[in-house]
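Notes to accompany the following structure.
Read-outs throughout are calculated quantities, based only on the coordinates presented, and are distinct from any laboratory measurement. The structure displayed is predicted, hence computed values, not measured ones. Backbone-built Cβ (ideal geometry, glycine too); neighbour counts: all protein chains shown.
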Amino acid sequence: MFVTDPATFLAAFSPERFPERAAPTARAAFLVSPAADVLAAESARDNRYMDPAGRVDAARMREQHAELARRLGDDVPVLTFPGDPACPDGLFPNNVFATARGRLIVGRMRHAVRRREAERADIRGFFRDVLGYATLDLSQRDDLVAELTGSLLIDRARGIGYCGLSERCDLAGARGMHEAFGLRLTFCFELAPGEYHTNVVLALLAGRVALIAPDGFRDAAVPEAIARVYAGSVMLDAAQKRAFAGNAIALAPRRAWMSAAGAASLAPAQLAALERGGFALADVALDEVEKAGGSLRCCVAEIF
């Protein structure tokens, strides 16, 4: 089922119709090391979270990224592929590569600088030849834009997707991802003007708690509807969204990860809500990585 209206979504959803019947968190993850000394100028056209000065300390970015990979290894096995200097945004692989039920899904990126990432033979070969995954390739389609789990947030336990439309994902791309991931229900909606990816304004933690930045949605009824499904939702203000508090992930059922800046922005009541939801909060310093316009969740491609 594919819906685009909050009322229709709420009418379609019920815990009985969509029980938890799959693992809510990944069994492994992979990252791609930062390799460029500059930011992707092409991506800056529609990513307002990037450092407008375009300056980056490449050595410090690599150190922070390596520490992230090390820390995430406490929850799941983590692989790190080498970066490519010709792909400045390559450290955000979740937009290009994702997995579902033994399939590698390759996204269709908006910008040419990112479409080069989808051509990587080593990542494709790892999933095909080592893990035995089939490949479902959207990257060669010119009739859609679909930046995978940047645009599409998935409640893996229930098979429900939440897809935000922007320049990085159009309606055809949303429908293509609904089919590629084999989702039971997808709620598709427009992001607020200026927002580029859903995973900056929404996080779903192991199918139990949602982090929601209401001003990131064009229609205020959309975040309200999502909050009704996830009773322990934590609402984020504009400053917390800017600090990437919404760019979070759970790789294990009892721990949530976000950047140090995002974690520091949370109020005591919000931290308490995460605890009530069963999550310990872990954070990693990623301020240099965040100059590229993404944060912790953007760096992590989940392996299901």
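Residues that are over 22 Å from ALA172 (Cβ atoms), touching a strand residue (DSSP E or B) at 6+ places or on another chain (Cβ under 9 Å) and in a loop (DSSP other than H, G, I, E, B) within segment 74-103 comprise ASP74, ASP75, VAL76, PRO77, PRO82, GLY83, ASP84, CYS87, GLY90, LEU91, PHE92, GLY102, listed in sequence order. Cβ separations smaller than 8 Å between residues 6+ apart or across chains give the following pairs from segment 28-47 residues that are among the charged types (D, E, K, R) to residues that are surrounded by fewer than 22 Cβ atoms within 10 Å (Cβ to Cβ): ASP37/VAL56; ASP37/ALA58; ASP37/PRO85; GLU42/HIS111; GLU42/ALA112; GLU42/VAL113; ARG45/HIS111; ASP46/GLU167.
Per-residue answers, yes or no, for (1) out of contact with any helix residue (DSSP H, G or I) (no Cβ under 6 Å at 6 or more places or on another chain); (2) hydroxyl-bearing (Ser, Thr, Tyr); (3) closer than 19 Å to GLY246 by Cα:
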position	(1), (2), (3)
ALA157	yes, no, no
TYR162	yes, yes, yes
SER166	yes, yes, yes
ALA172	yes, no, no
GLY182	yes, no, no
GLU190	yes, no, yes
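Can you tell me which residues in segment 167-185 are crowded, with 23+ Cβ neighbours inside 10 Å and either touching an Asp or Glu at 6+ places or on another chain (Cβ under 6 Å) or without any contact (Cβ under 8 Å) to a residue 12 or more places away in the chain (or both)? Those that are crowded, with 23+ Cβ neighbours inside 10 Å and either touching an Asp or Glu at 6+ places or on another chain (Cβ under 6 Å) or without any contact (Cβ under 8 Å) to a residue 12 or more places away in the chain (or both): ARG168, CYS169. Elements of the type strands (runs of 3 or more DSSP E) sitting completely within segment 196-304 and holding at least 1 residues that are surrounded by fewer than 21 Cβ atoms within 10 Å (Cβ to Cβ) and in contact with a helix residue (DSSP H, G or I) (Cβ under 7 Å, 6 or more places away or on another chain): these cover 280-284. The set of residues in segment 12-41 that are part of a loop (DSSP other than H, G, I, E, B), surrounded by fewer than 19 Cβ atoms within 10 Å (Cβ to Cβ) and within 20 Å of the chain's Cα centre (by Cα) comprises ALA22, ALA23, PRO24, ARG27, SER33.
Grab the strands (runs of 3 or more DSSP E) fully contained in segment 104-165, keeping just those with 2 or more residues being surrounded by 21 or more Cβ atoms within 10 Å (Cβ to Cβ). Don't jump to the end; show me each part of the working.
Numbers: elements: 134-137, 152-155, 160-165.
Of the strands (runs of 3 or more DSSP E) lying wholly inside segment 104-165, those with at least 2 residues that are surrounded by 21 or more Cβ atoms within 10 Å (Cβ to Cβ) span 152-155, 160-165.
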